[in-house]
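Here is the structure we will look at.
The values are calculated or read from the model by the stated rules, or taken from the named source; none is laboratory data. Here the structure is a predicted model, which is why all the values come from computation and not from measurement. Counting neighbours? That spans all protein chains shown, and the Cβs are built from the backbone with ideal geometry, glycine included.
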Amino acid sequence: MKKKLTYIILLCLFLFPMVGNAEAKRIAGENRYETSVLLAQEAYTSPRYVLLAGGESYVDAIAGGVLGYHLEAPLIFVSKHSIPTVVSDALAQWDPDYVILLGGENSISHKVEKELREKYSIKRLAGANRYETAEHVNAFATLYGANSEQDVLVDGQVLADSLIAAPFAAQQEGVLHLYSDTSEMPKWIVGGKNRVPIDPSVARFAGDNRYHTSAVLATEAFMDATDVILANGENPVDALSAVNLANLLKAPILYVKRDTITQDVYQFIQGRNVYLVGGSASIGRRVEDQVNGIHSPNEGGDVLILMYHHIGHPNAAKYNVSSEEFRHHLQVLYDQKYLPVPVSDYVNGTIDLPRGYTPYVITFDDGSANNFWMFDDGTIEPNSGVGVLMDFAETHPGFHPHATFFVNKNSFGQPEFLNQKIEYLYANGMELGNHSYTHPHFSVVGPEETTKELATLSSYIESYDAMPYPLKYIATPFGDQPPSSWNYVLKEGSFDDHGYYHDAIFYTAEKIAKSPYDRAFDAGRIYRMGIGAPYTVTIEELLEKYTTRSTRYYSDGNVNTVTIPKAFADSIQTRNNESIVFVEEE
C-alpha cells in the first residue's frame, strides 16, 4: 500500500540555549470571551463583584484590572450587543452581588445592560472617553482601599504599556492614570518619554519597545515573583483579562511575539512558573517549546540502547552496577529529558513520548537474581533492578519502568517465583527476551547447537502460564555475531517440535542505535552499549560522546507523524503510514 506523506514546513529556530522551567501552563479558549472566563476561573471561585469589559472596544477597561485587584473581582469580556454563552454560564455560577460595566454604550450596549439587570445588580463606570472612564474607575477603587498617591501613569493610546502596568499598579495598592496634557506628576511612569513626556525625575519603566518595556518592568518590580504570564504583544487584548491571574499570583505580564521570545524576557522567566495566555494563534508552539526548555523534533535521530548485567552484586568482578549507580543513571537521563520506551515500540516504530523528549531502551542480560529478587512474602527487593525501576517510576512523573530482560535457564534465580515474576513484569510494561539456554558462544558451537539453545530457552519460558505471547527478541550471549552464512538461525528455527521467531536481534558494540525511521535501521542488527565494569565510561561521558543536538532523537509528541529536519529527508522511512513533517534546523 502506498504510504501517505504530508510535507509541512515548520520554522523552529531558537535563539537562546534551553533552560528548563516546569512545563508552562496554557490558558486559552476558542475566542477572547472564553479565554477571559478561563483566566477568571483560574483566579476566582465565588467573587462578590464581576467586571465586564467590551470585547470589541476594550479601551474603556484599561484601568479595570487595577479595580479588579481592589475588589477581588474578575474582569471578563462581553460582546457589545450580546452576552456570550460562556459569560452567561460563568455569571450564573458565580451569582455575584454586583456586575460592574466598564465604559459607555460604545463598549457595552444598553441592550446588554438591560438583559443583565434582569438577574444582577448593575453599576456602570463610564465617562465621555477612555480618560474620563479611567478616572471614574480610579475614584471607585479608592472607595475600596486604593491609594491615589500610589499612582502609575501610562499613555492611554498605547494599550500594551497600559496592560503590563496594571498588575504593577495593583501591587502598589494604587491606581492607573492615562496620560493627557493635564496629567499631574505621578509616582511612577510605564512607557517611554515620547509617549509620556513627564519630568524625568519621576521613576520610569521603559524599554526600546513593548517587549523590552515589559521585561524592564518585570526585572525592576517583580524580581520576587515565582510566576510569570506571557501574552502576545502584537495583539495584547488577552493581556487585559490576564490581569485576573496576575493579581492573584502577584505576577508580571510579559510580551512575546507569536513565534519569537526576546532574550531579556527569556532570561526573566527562568526558574519561574510560566502561564501562556491565548491559543496557538497568539503564542505558537515555537515559543511554547522554548519556554518548556525543549528542542524542536528530530525523529530521525539516534537512540541509546543500554545493556546492564548485575545490579548491586556483592561479588561480581565484571558487569556490575550498584543500585545507587543505576539510580544515578536513571536520574541523569531523566534530567536531560530521556524516557525509557519498550523494545517493541522501538523495533516497530511506535515510539510515543511527549514532545521534546528522547527515547532510550533499557536491557538486562542473563536474568541474574539481582535483576529481580522477591522476598518470601512476595515483595520486591528495592535494590534489585526491578525494585529500582519501580521506585523511580513512583517518584518521577512521566517515567515508566520499561525494560527487557534477556534470560537464560536459571531466570532470576528463584524458580518458585518465576511465574509470578513473569506476570509482574508484563503487567508493569517490562518483558523477557531470549538469551539462549546455557549462554554459549554461538560462533563456537555452530548453527545446530545455536538453534537448540534458542528453541530450548524459548520452550522453557513459554511454558509458564503468565507468558502473554512468545519471546520476540534475542540478545546474543557475549554480543557474539555468527558468520553470515548461518546467522539466519538467530531469527527463526525449531528444535524438538518447538519453534521460535525473533522480530529483532540485539548485539553488543560501542555504537549508538539508529532511529526506527532511519532507512539504515535493521531489526536484524541492533547495537547496544554496555554500562558497568569493564565498561568504564560513565553515563555522563556516554551521553557527551554519543549524543549531540544534531543527531539526537527528539519526539514530536504525535505517534501519527514523523518529524525530522529537512537535512534528514533522504534518509527517512515511515513504518506505519505516518505523515512526515519537516522542521528547520535549530
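Give segment 362-385 a look and list any residue that's among the small types (G, A, S) and part of a loop (DSSP other than H, G, I, E, B), or say none. Outline the logic, then answer.
Of segment 362-385, the ones among the small types (G, A, S) are 367-369, 378, 384-385.
Once the filter is applied, which keeps residues that are among the small types (G, A, S) and part of a loop (DSSP other than H, G, I, E, B), segment 362-385 yields G367, S368, G378, S384.
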Conditions (1) modelled with pLDDT of 95 or more; (2) under 15 Å from Q93 (Cβ atoms); (3) under 33 Å from the mean Cα position of the chain (by Cα); (4) among the β-branched types (V, I, T); number of the one not met by I27: (2)
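Across segment 390-429, what is the number of residues that are in a loop (DSSP other than H, G, I, E, B) and touching a strand residue (DSSP E or B) at 6+ places or on another chain (Cβ under 8 Å)? Walk me through how you get there before you give the answer.
Within segment 390-429, the first condition is being in a loop (DSSP other than H, G, I, E, B), and the residues that meet it are 396-403, 408-410, 414, 428-429.
Right, trim to touching a strand residue (DSSP E or B) at 6+ places or on another chain (Cβ under 8 Å) and you get 398-403, 408, 414.
Looking only at that region, the number is 8.
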Members of segment 175-209 that are farther than 29 Å from Q263 by Cα, of a type outside the set (S, T, N, Q) and touching a helix residue (DSSP H, G or I) at 6+ places or on another chain (Cβ under 6 Å): V175, L178
Qualifying residue in segment 42-54 (condition: buried (at least 23 other Cβ atoms within 10 Å of the Cβ) and part of a helix (DSSP H, G or I)): no
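Only residues that are among the aromatic types (F, W, Y) and either crowded, with 20+ Cβ neighbours inside 10 Å or within 30 Å of L333 (Cα to Cα) (or both): list them for segment 399-436, please.
Taking segment 399-436 first, the residues among the aromatic types (F, W, Y) are 399, 405-406, 412, 417, 424, 426.
Correct list: F399, F405, F406, F412, Y424, Y426.
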Of all residues in segment 550-586 being among the acidic types (D, E) and within 14 Å of P297 (Cα to Cα), the one that is surrounded by the most Cβ atoms within 10 Å (Cβ to Cβ): D556
Single residue of S296, S282 found to be touching a residue at least 60 places away in the same chain (Cβ under 8 Å), touching an Asp or Glu at 6+ places or on another chain (Cβ under 9 Å) and not assigned by TED's automatic domain parsing to the domain that holds I164: S296
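Going by what's in this entry, would T548 be described as without any contact (Cβ under 8 Å) to a residue 24 or more places away in the chain, assigned by TED's automatic domain parsing to the domain that holds H435 and over 22 Å from D365 (Cβ atoms)? Show your work before the answer.
On the way: without any contact (Cβ under 8 Å) to a residue 24 or more places away in the chain: yes; assigned by TED's automatic domain parsing to the domain that holds H435: yes; over 22 Å from D365 (Cβ atoms): yes.
Yes; evaluated as a whole, the condition is true for this residue.
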Matching strands (runs of 3 or more DSSP E) fully within segment 456-569 where at least 2 residues are within 14 Å of F406 (Cα to Cα) and among the hydroxyl-bearing types (S, T, Y): 504-508
Long-range neighbours under 6 Å by Cβ, at least six apart or interchain, first residue outside the structural domain of A513 (by TED's automatic domain parsing) within segment 344-362, second in a loop (DSSP other than H, G, I, E, B): none
The lone exception for K193 - which of (1) surrounded by fewer than 20 Cβ atoms within 10 Å (Cβ to Cβ); (2) in contact with a Leu (Cβ under 6 Å, 6 or more places away or on another chain) it fails: (2)
Residue under evaluation N247, criteria (1) closer than 26 Å to T547 by Cα; (2) crowded, with 24+ Cβ neighbours inside 10 Å, criterion not met: (1)
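Quick one: which of G312, G271 is in contact with a Ser or Thr (Cβ under 6 Å, 6 or more places away or on another chain), in contact (Cβ under 8 Å) with a residue 40 or more places away in the chain and more than 30 Å from L51 (Cα to Cα)?
Working: G271 fails: in contact with a Ser or Thr (Cβ under 6 Å, 6 or more places away or on another chain).
Unique residue meeting the criteria: G312.
When you look at E220, is it part of a helix (DSSP H, G or I) and more than 20 Å from the chain's Cα centre (by Cα), yes or no? Don't jump to the end; show me each part of the working.
Details: part of a helix (DSSP H, G or I): yes; more than 20 Å from the chain's Cα centre (by Cα): yes.
Considered against the rule, which asks whether it is part of a helix (DSSP H, G or I) and more than 20 Å from the chain's Cα centre (by Cα), E220 comes out as yes.
Which residue, of F506, F478, is of a type outside the set (K, R) and surrounded by fewer than 18 Cβ atoms within 10 Å (Cβ to Cβ)? Break it down into steps so the answer makes sense when it comes.
Values: F506 fails: surrounded by fewer than 18 Cβ atoms within 10 Å (Cβ to Cβ).
So the residue among F506, F478 that is of a type outside the set (K, R) and surrounded by fewer than 18 Cβ atoms within 10 Å (Cβ to Cβ) is F478.
Being at pLDDT below 95, closer than 12 Å to V243 by Cα and assigned by TED's automatic domain parsing to the domain that holds G156 is true for just one of I62, I76. Which residue is that?
On the way: I76 fails: at pLDDT below 95.
Of the residues listed, the single one that is at pLDDT below 95, closer than 12 Å to V243 by Cα and assigned by TED's automatic domain parsing to the domain that holds G156 is I62.
Could you name every one of the helices (runs of 4 or more DSSP H) located completely within segment 67-182 that has at least 2 residues being surrounded by fewer than 24 Cβ atoms within 10 Å (Cβ to Cβ) and without any contact (Cβ under 8 Å) to a residue 40 or more places away in the chain? First the steps, then the outcome.
Values: elements: 85-94, 110-117, 130-142, 159-171.
Those helices (runs of 4 or more DSSP H) span 85-94, 110-117, 130-142.
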Pick from segment 329-361, criterion touching a strand residue (DSSP E or B) at 6+ places or on another chain (Cβ under 6 Å) and assigned to a helix (DSSP H, G or I), ranking: farthest from I505 (Cα to Cα): Y346
